[in-house]
1. Does segment 108-156 hold any residues that are at pLDDT 90 or above, of a type in the set (G, A, S), out of contact with any Cys (no Cβ under 8 Å at 6 or more places or on another chain) and under 21 Å from L36 (Cα atoms), and which are they?
2. Quick check on A91: is it touching a Phe, Trp or Tyr at 6+ places or on another chain (Cβ under 6 Å) and open to solvent by less than 40 Å² (accessible area, probe 1.4 Å)?
3. Go through S69, S79 for me and flag whichever is within 21 Å of the chain's Cα centre (by Cα), more than 24 Å from A40 (Cα to Cα), among the hydroxyl-bearing types (S, T, Y) and not in a strand (DSSP E or B).
4. Which condition number does E108 fail, the rest of (1) farther than 22 Å from G125 by Cβ; (2) of a type in the set (D, E, K, R); (3) out of contact with any strand residue (DSSP E or B) (no Cβ under 6 Å at 6 or more places or on another chain) being met?
5. Looking only at segment 25-35, decide whether some residue is closer than 15 Å to P144 by Cβ, part of a helix (DSSP H, G or I) and not basic (K, R).
6. Please go through (1) assigned to a helix (DSSP H, G or I); (2) modelled with pLDDT of 85 or more; (3) among the charged types (D, E, K, R) for E54 and return the number of the only condition it doesn't satisfy.
7. Determine which single condition G105 fails, assuming it passes every other condition in (1) touching a His at 6+ places or on another chain (Cβ under 7 Å); (2) at pLDDT below 85.
Amino acid sequence: YLKASAATGDVRTTLSFLRLIERMRRVIAHEYGIPLVRLAPRQTFISRICDAAEVDWQSLHADESSVPSFHYSCVLYLSTHGVDFAGGGFAFCDPAADYRLAAKGERELHRLHPEAGMAVIFSSGWENMHLVEPLHGGRRFAVPAFFETRDPARDGEQIGIFDDDVAAAEALWRCALMPESEADFLQTFQRWHSLLAVG
């Protein structure tokens, strides 16, 4: 988790993680036509799966059903299917292509075979049910990130807008890079746009 990265005091790693999350946020905003000020990260972490037993909990699901404020999802892969791991594919469960089967509620899996550096983004609701298939060998690394949309008028009061870059940098340092408390760290996601976005 970003929080754990910040807690280590490794500023370079934490800044890299922050930059990665911001790039994901910008891609989602662009692809879905969402103003940047309305999109904020809700949760992100590095996922490591080393054993088939570890994916039992990843049965067919929609991310928004787990946490209602997960509106958009992104998974960035750090390892490659067929090279670093076997099995462990990502699959969407979509209505059957044959309209007669779809009318009966039949569904089919559409599998992705991840490669390092590849990312998949999607809205997090029931329209994108998905699962991670069991791992058969190796290690699978990915960075799942979940984003929420916010009301800019409401959040303008909560997050505060910084008057200059120095104030934003000081807040970023205190909230994300060197937090003194859990409350300091929680402000990172609440103030994300004003801390990291330009314009």
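1. Within segment 108-156, S123, S124, G125 meet the criteria.
2. Considered against the rule, which asks whether it is touching a Phe, Trp or Tyr at 6+ places or on another chain (Cβ under 6 Å) and open to solvent by less than 40 Å² (accessible area, probe 1.4 Å), A91 comes out as no.
3. Only one candidate passes the filter, namely S79.
4. Tallying (1) farther than 22 Å from G125 by Cβ; (2) of a type in the set (D, E, K, R); (3) out of contact with any strand residue (DSSP E or B) (no Cβ under 6 Å at 6 or more places or on another chain), E108 fails exactly one: (1).
5. The answer is yes, given that some residue of segment 25-35 is closer than 15 Å to P144 by Cβ, part of a helix (DSSP H, G or I) and not basic (K, R).
6. Going through (1) assigned to a helix (DSSP H, G or I); (2) modelled with pLDDT of 85 or more; (3) among the charged types (D, E, K, R) one by one, E54 breaks only (2).
7. That leaves (1) as the condition not met.
Results for (1) touching a residue at least 24 places away in the same chain (Cβ under 8 Å); (2) within 13 Å of F146 (Cβ to Cβ), shown as yes or no for each residue.
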site: S66; (1), (2): no, yes
site: Y72; (1), (2): yes, yes
site: K104; (1), (2): no, no
site: H113; (1), (2): yes, no
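The values are calculated or read from the model by the stated rules, or taken from the named source; none is laboratory data. If you're wondering where the values come from, they're calculated on a predicted model, not measured in any experiment. All Cβ positions, even for glycine, are placed from backbone atoms using ideal geometry, and neighbour counts span all protein chains on display. We work out accessible area using only protein heavy atoms, side chains counted, and drop any ligands, DNA or RNA first. Shrake-Rupley method; radii C 1.70, N 1.55, O 1.52, S 1.80 Å.
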